[in-house]
Amino acid sequence: MNTIDLASILKIDTPSIPWQCPHCDHHATLKPQDYSIANNYSKNQSAPNDSKEYINVQTKLIFCPNGECQKYTIYVSIYKAHTEYTQHSGTKIINDEYISGNIFYPNVKLKAYPDYIPQAIISDYKESYQIVELSPKASATISRRCLQGIIRDFWKVKPGKLVNEIDQIKEKVDELTFNAIDSVRKIGNIGAHMETDINYIIDVDKNEASILLSLIEMLLENWYIAKHDREERLRKIKSIADIKK
Ligand SMILES: [Zn+2]
């Protein structure tokens, strides 16, 4: 999900633009009917009084042309701009200089995970990620449920309190990974409430909630993905060995 060509998308001035959808990763050529552009043009109040500096905040709304996706993506970019009047097209905003721009929606930092990881875990992770800025408390609550889901699914522990479930895997996981989990449970309120029900809403700040998310990302990599890759390699070796027989 990280391979969006922002450079080309931020300057829409040709009728068709090569584009990759951040939702479905499909490559497409955008036609005018796939996007709409809105300009918010105003005088730059921070520039000197006599200057003719204008700022244009441009939002681009794009619908994915892939029939199975059709989700929307929003980009916001800022330009220095001026207006021009012609008899033919009336007043038109001309962007002179590109200042800054970014994808506004969806959050592309969100990692795409393979579908052999249980859907419930992925959707908890995504939800937690999407609300971490807006509501760290809610994010941390979902993250704890996600963490518990991962430990239960991957290690088949005896269900109990999160703190006991973590203790059950101590001898099974590598030391580095266990230390990471252990250090998270020592962080402020996250640690203080390891004993309480995972649905209990704890008061955490954005940093604490983000650390929980990083831990989840690390576990998905170290456990599910590493295990899958290992199995794939073994399968390949076995099939080569079978041919040689
Ligand atoms: Zn798409």
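Points worth noting:
- Residues in region 69-106 that are closer than 16 Å to Trp19 by Cβ and not aliphatic (A, V, I, L, M): Cys69, Gln70, Lys71, Tyr72, Thr73, Tyr75, Ser77, Gly101, Asn102, Phe104, Tyr105, Pro106.
- Residue that is surrounded by the fewest Cβ atoms within 10 Å (Cβ to Cβ) [pool: residues in region 107-141 that are in a loop (DSSP other than H, G, I, E, B) and in contact with a Lys or Arg (Cβ under 8 Å, 6 or more places away or on another chain)]: Glu133
- Single residue of region 13-27 satisfying the filter (among the polar types (S, T, N, Q) and under 27 Å from the mean Cα position of the chain (by Cα)) that is farthest from the ligand (Cβ to nearest atom): Ser16
- The C-beta contact set for region 22-48 (first residue closer than 30 Å to Pro114 by Cα and part of a strand (DSSP E or B), second residue open to solvent by less than 70 Å² (accessible area, probe 1.4 Å) and small (Gly, Ala, Ser), distance under 9 angstrom, 6+ apart or interchain) comprises Thr29/Ser16; Leu30/Ser16.
- As a summary of the residue check, Gly160 satisfies the conditions (1) assigned to a loop (DSSP other than H, G, I, E, B); (2) closer than 30 Å to Ser77 by Cβ; (3) assigned by TED's automatic domain parsing to the domain that holds Asp229; (4) small (Gly, Ala, Ser) except for the one numbered (2).
- Condition check for Asn164: open to solvent by 90 Å² or more (accessible area, probe 1.4 Å) and modelled with pLDDT under 90: no
- Asp5 of a type outside the set (A, V, I, L, M), more than 20 Å from Ser100 (Cβ to Cβ) and at pLDDT below 85: no
- Subset of region 28-61 that is of a type in the set (A, V, I, L, M, F, W, C) and within 21 Å of Ile99 (Cα to Cα) - its residue that is farthest from the chain's Cα centre (by Cα): Ala47
- Among residues of region 42-72, those that are of a type outside the set (Phe, Trp, Tyr) and more than 16 Å from the ligand (Cβ to nearest atom), counted: 17
- Among residues of region 65-82 that are without any contact (Cβ under 8 Å) to a residue 12 or more places away in the chain, those with a Cβ under 9 angstrom from a residue that is within 8 Å of the ligand (Cβ to nearest atom) and part of a loop (DSSP other than H, G, I, E, B), sequence gap 6+ or separate chain, pair up as Gln70/Cys64.
- Out of Tyr75, Tyr85, sole residue that is modelled with pLDDT under 90 and within 16 Å of the ligand (Cβ to nearest atom): Tyr75
- Selection from region 49-79 of residues that are assigned to a loop (DSSP other than H, G, I, E, B), of a type in the set (Gly, Ala, Ser) and under 27 Å from Ala112 (Cβ atoms): Gly67
The values are calculated or read from the model by the stated rules, or taken from the named source; none is laboratory data. Not measured: the values here are computed from a predicted model. Cβ: placed from backbone, ideal geometry, glycine included. Neighbour counts: every protein chain shown. Surface accessibility is based on the protein's heavy atoms, side chains included, excluding ligands, DNA and RNA. Shrake-Rupley method; radii C 1.70, N 1.55, O 1.52, S 1.80 Å.
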